[in-house]
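These notes are about the structure you will find just below.
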Amino acid sequence: MNLILYFTRSGTCKKVSEILSQTIDSEVLELKDNMNWRGLLGFIKGGYHSFKESRIEYDIKEIDFSNYDQIYIVSPIWASKVQPTIRTFIKENNLQNAQLILVQGMRSPNENTIRNNLFITRKKTVYLCHKEVYKTDFNKNISRLF
Ligand SMILES: Cc1cc2nc3c(=O)[nH]c(=O)nc-3n(C[C@H](O)[C@H](O)[C@H](O)COP(=O)(O)O)c2cc1C
C-alpha cells in the first residue's frame with residue numbers, strides 16, 4: 001500500500017492527489033494546520049511563512065510510515081518554496097524518501113525554485129503547473145511523471 005499526502009489552499013493539490021490515487025493503489029490523506037490562509041491576508045501570510053521557512057503546527061500526529069511502500073507528497077509552491085506546513089511535516093517525520101510533487105502557478109520552475117527545493121527529499125522532485133492539472137487528459141499523463 002502507498003500513501004498520498006497533500007496540502008491544499010485552493011484545491012489543485014487535492015485534485016492531483018485524487019487523480020494519482022486512481023493510478024497508484026494508495027490511501028489519500030490531507031495535511032491540515034490551524035492557520036487561516038484565506039484571502040489576501042492569508043496569501044501574504046503564506047508567502048511570508050514560506051519564505052521564512054516557519055515551523056507550522058500540523059494535525060497528523062500518529063502515522064506509522066513503515067506501513068507504506070511509497071509515500072507521495074503533493075504540495076503547492078509558495079514564494080518559490082514548498083508550502084511551509086508540508087516542509088515542517090517532512091522534516092519532523094523524516095520523510096526524505098518520499099516522492100515530492102510540487103504544484104505551482106508558473107508553467108515551469110525557474111532556477112530559483114529548483115534551487116530552493118533541492119534535497120527536501122532524496123527523490124527527484126516532480127513539478128506541475130496548476131493549469132495542466134485541469135486539462136482533461138491530465139489523468140492519462142500522470143503516470144509518465146515518475
Ligand atoms: C502564498 C502563495 C504563494 C505562491 N507563490 C508561488 C510562486 O512563488 N510561484 C508559483 O509559480 N506559484 C505560486 N503560487 C501559486 C500556487 O503554487 C498554485 O496556485 C498552486 O496550484 C496552489 O495549489 P492549491 O490549489 O492546492 O492550494 C503561490 C500561491 C500562494 C497561495
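The values are calculated or read from the model by the stated rules, or taken from the named source; none is laboratory data. From a predicted model like this one, the values you see are computed outputs, not experimental measurements. Positions of Cβ are generated from backbone atoms using ideal geometry, with glycine treated the same way; all protein chains shown enter the neighbour counts.
How do the helices (runs of 4 or more DSSP H) wholly within region 7-92 filter down when requiring 1 or more residues that are closer than 24 Å to Ser108 by Cα, among the polar types (S, T, N, Q) and in contact with a Lys or Arg (Cβ under 6 Å, 6 or more places away or on another chain): which remain?
Values: elements: 12-23, 39-52, 84-92.
By residue number, 39-52.
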Could you check Ala79 against (1) farther than 20 Å from Leu5 by Cβ; (2) aliphatic (A, V, I, L, M); (3) modelled with pLDDT under 95 and say which number it fails? (3)
Return the total of residues in region 11-43 being surrounded by 13 or more Cβ atoms within 10 Å (Cβ to Cβ), near the ligand (Cβ under 10 Å from one of its atoms) and under 21 Å from Lys135 (Cα atoms). 6
Residue within region 97-106 that is in contact (Cβ under 8 Å) with a residue 60 or more places away in the chain and in a strand (DSSP E or B) present: yes
Test Leu102 against the criterion of being at pLDDT 95 or above, within 13 Å of the ligand (Cβ to nearest atom) and surrounded by fewer than 20 Cβ atoms within 10 Å (Cβ to Cβ), and give yes or no. no
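Can you tell me how many residues within region 44-99 are within 16 Å of the ligand (Cβ to nearest atom) and surrounded by fewer than 13 Cβ atoms within 10 Å (Cβ to Cβ)? Quick ask: steps written out before the conclusion?
Pass one, region 44-99, residues within 16 Å of the ligand (Cβ to nearest atom): 44-54, 56, 58, 72-89.
Keeping just the survivors that are surrounded by fewer than 13 Cβ atoms within 10 Å (Cβ to Cβ) gives 44, 52.
Residues meeting the conditions: 2.
State all residues of region 116-146 that are closer than 23 Å to Gln70 by Cβ, away from the ligand (no atom under 14 Å from the Cβ) and part of a loop (DSSP other than H, G, I, E, B); if no residue qualifies, say none. Walk me through how you get there before you give the answer.
The initial filter retains those residues of region 116-146 that are closer than 23 Å to Gln70 by Cβ, namely 117-128, 132-133, 138-146.
Among the residues that remain, those that are also away from the ligand (no atom under 14 Å from the Cβ) are: 118-124, 139-146.
Matches in region 116-146: Leu118, Phe119, Ile120, Thr121, Arg122, Lys123, Lys124, Phe146.
What about Ile4, is it surrounded by 14 or more Cβ atoms within 10 Å (Cβ to Cβ), of a type in the set (A, V, I, L, M) and modelled with pLDDT under 95?
Values: surrounded by 14 or more Cβ atoms within 10 Å (Cβ to Cβ): yes; of a type in the set (A, V, I, L, M): yes; modelled with pLDDT under 95: no.
Here the answer is no, as Ile4 does not meet what is asked.
Conditions (1) of a type in the set (S, T, N, Q); (2) without any contact (Cβ under 8 Å) to a residue 40 or more places away in the chain; (3) within 16 Å of Gln99 (Cα to Cα), marked per residue:
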{"site": "Arg9", "(1), (2), (3)": "no, no, no"}
{"site": "Thr23", "(1), (2), (3)": "yes, no, yes"}
{"site": "Gly39", "(1), (2), (3)": "no, yes, no"}
{"site": "Phe51", "(1), (2), (3)": "no, yes, no"}
{"site": "Ser54", "(1), (2), (3)": "yes, yes, no"}
{"site": "Tyr58", "(1), (2), (3)": "no, yes, no"}
